[in-house]
Amino acid sequence: MKIGDLARETGVSVRLLRYYEEQGLLGSHRLPSGHRRYEQDAPETVRRIRVLLAAGLPTRVIRDVLPCVRGAGEAEFDPCVALHLREQLHGLDARIGELQETRAALAGLLTATEAAAPAAVTA
């Protein structure tokens, strides 16, 4: 399958397909002409990559878990993926906690600023 055909079938740009290949997520072989050729299962691999990206996984993690993804359509995961997914979830929870603390601090500053504003106007 040529790269343009893969792009049309998956709705993913040629540029992004090249990026996936650079990141080691998608394989191809080169024809003597230099053109890329993808295996027939490449559209399914691209769909799996998209599912994992939508879940917030970085490409370095996707590269590790792709061999543990199977199934057509909705991706099914082998148990070997659980550790990676758990680590990503814990990291996301930690970032959410930090953002909540930052938001609370900012809201406190805004409240203090707005409370002081009428006093500054009358002075």
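Using beta carbons and a limit of 9 Å, which pairs, at least six apart or on different chains, have the first residue in segment 1-18 and of a type in the set (V, I, T) and the second one not in a helix (DSSP H, G or I)?
Qualifying pairs under 9 Å: I3/S28; I3/H35; I3/R36; I3/R37; I3/Y38.
Here's the yes/no breakdown for (1) among the small types (G, A, S); (2) surrounded by 13 or more Cβ atoms within 10 Å (Cβ to Cβ); (3) at positive phi:
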{"position": "V12", "(1), (2), (3)": "no, yes, no"}
{"position": "L17", "(1), (2), (3)": "no, yes, no"}
{"position": "H29", "(1), (2), (3)": "no, no, no"}
{"position": "S33", "(1), (2), (3)": "yes, no, no"}
{"position": "Q40", "(1), (2), (3)": "no, no, no"}
{"position": "V51", "(1), (2), (3)": "no, yes, no"}
{"position": "R70", "(1), (2), (3)": "no, no, no"}
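If I ask for residues that are closer than 17 Å to P67 by Cβ and in contact with a helix residue (DSSP H, G or I) (Cβ under 8 Å, 6 or more places away or on another chain), which ones from segment 21-38 would you list?
Step one: filter segment 21-38 for residues closer than 17 Å to P67 by Cβ, giving 21, 23-27.
If the condition is that a residue be closer than 17 Å to P67 by Cβ and in contact with a helix residue (DSSP H, G or I) (Cβ under 8 Å, 6 or more places away or on another chain), then Q23, G24, L25, L26, G27 are the ones that fit.
Okay, residues lined up against (1) out of contact with any helix residue (DSSP H, G or I) (no Cβ under 6 Å at 6 or more places or on another chain); (2) among the aromatic types (F, W, Y); (3) over 19 Å from M1 (Cα atoms):
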site: L16; (1), (2), (3): yes, no, no
site: Q40; (1), (2), (3): yes, no, no
site: R60; (1), (2), (3): yes, no, yes
site: C80; (1), (2), (3): no, no, yes
site: G91; (1), (2), (3): yes, no, yes
site: L106; (1), (2), (3): yes, no, yes
site: T111; (1), (2), (3): yes, no, yes
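Under 9 Å between Cβ atoms, which residue pairs at least 6 apart in sequence (or on different chains) link something in segment 95-107 that is open to solvent by 100 Å² or more (accessible area, probe 1.4 Å) and charged (D, E, K, R) with a partner that is in a helix (DSSP H, G or I) and at pLDDT 95 or above?
none
What are the residues in segment 61-84 that are in contact (Cβ under 8 Å) with a residue 24 or more places away in the chain and either over 26 Å from E9 (Cβ atoms) or charged (D, E, K, R) (or both), if any?
R63, H84
The values are calculated or read from the model by the stated rules, or taken from the named source; none is laboratory data. All figures in this text were calculated on a predicted structure; none of them were measured in a lab. All Cβ positions, glycine included, derive from the backbone under ideal geometry; neighbour counts span all protein chains shown. The protein model used for the area step is the full one, side chains on, heavy atoms only, and it has no ligands, DNA or RNA in it. Shrake-Rupley method; radii C 1.70, N 1.55, O 1.52, S 1.80 Å.
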